[in-house]
1. How do the peptides 98-104, 32-38 rank, highest first, by the average count of neighbouring beta carbon atoms within 10 Å per residue?
2. Towards the positive end of the charge dipole of the stretch 25-118, with charges on Cβ (+1 Lys, Arg; -1 Asp, Glu), say which of F65, L84, I103 has the farthest Cα.
3. Calculate the dipole size of the chain relative to its Cα centre from +1 charges on Lys and Arg beta carbons and -1 charges on Asp and Glu beta carbons; express the result in debye to the nearest 20.
4. Among D108, D66, D51, which one moves the most in a GNM of the chain with springs linking Cα atoms closer than 10 Å?
5. From the Cα gyration tensor of the stretch 45-88, with a ≥ b ≥ c the square roots of its eigenvalues, which class applies: rounded if a/c is under 1.5, or else prolate if a/b is larger than b/c, or else oblate?
6. Calculate the tail of P(r) for the stretch 15-80: the fraction of all Cα-Cα distances greater than 17 Å, expressed in %.
7. Once Rg and Dmax of the Cα atoms in Å is worked out from the coordinates, which option in (i) 19.3, 60; (ii) 20.1, 72; (iii) 14.8, 46 does it equal?
8. Under a 5 Å amide H to amide H cut-off, with H placed in plane at 1.01 Å, what residues pair with Y60 once short-range neighbours are removed?
Amino acid sequence: MSYYDRHGAWFLAQLKPNSAAIAERNLHRQGFRTFLPLEPETRKRGGKFVDVTRPLFPGYLFVAFDPARGHWRSINSTQGVARLVSFGNAPAPVPSELVSGLIRRCDDDGKLLPTDARSLVPGDRVRLQTGPFADFVAEVESLASDQRIWVLIDLMGNRTRMQLGAGQVCPI
């Protein structure tokens, strides 16, 4: 298994609290390639539900570099970065297949693309991503040809049927 792509291997940097943008900006200034996958989330603010994006892995950022060149120590001293995830005295590479798979599932801004309804089948369990029922788990009842999904959600002991868009759910 190869951990390398044309930019070097991918590693995981642990971030200081609320420092993702600062760390990413400073790493780019130093010439490092970064990847911060984001996912949609619905939050309640002021009595209203608002859709926001949040990191898929809060507190962590992927960084690509060639460890043989010895530049990894400068990452640990980058503003916003707490440390590279390491085992022993050297940073541990993340499997490139994992990172490249995540990159393929994201748009150019790092946001996860909506789930393709064709990959779901009735009986699959999904997690609702947006709306007042965000983070609820539901069961796919049926699929429509126009990317609509009918799910069954358990509300107060009753199974309720809801219609959702494919981008509003992710498979579990």
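Taken together, the values in this text are just the output of simple stated rules run on the coordinates, not laboratory data. Treat the numbers as computed from the prediction; the structure is a model and nothing was measured. A quick note on method: Cβ atoms are made from the backbone with ideal geometry, for glycine too, and the neighbour counts reach across all protein chains shown.
1. Details: 98-104: 13.9, 32-38: 17.9.
Packing order, densest peptide first, comes out as 32-38, 98-104.
2. Result: L84, furthest along the dipole toward the positive end.
3. On the way: 22 positive and 17 negative charges, 120 e Å.
With Lys and Arg at +1 and Asp and Glu at -1, about 580 debye.
4. Taking springs between Cα atoms under 10 Å, the residue moving most is D108.
5. Prolate.
6. Values: 1052 of 2145 pairs.
Counting every Cα pair in the stretch 15-80, those more than 17 Å apart make up 49 percent.
7. Comparing each candidate, only (i) matches the computed number.
8. Those qualifying (amide H under 5 Å, at least 5 residues apart or on another chain) are L15.
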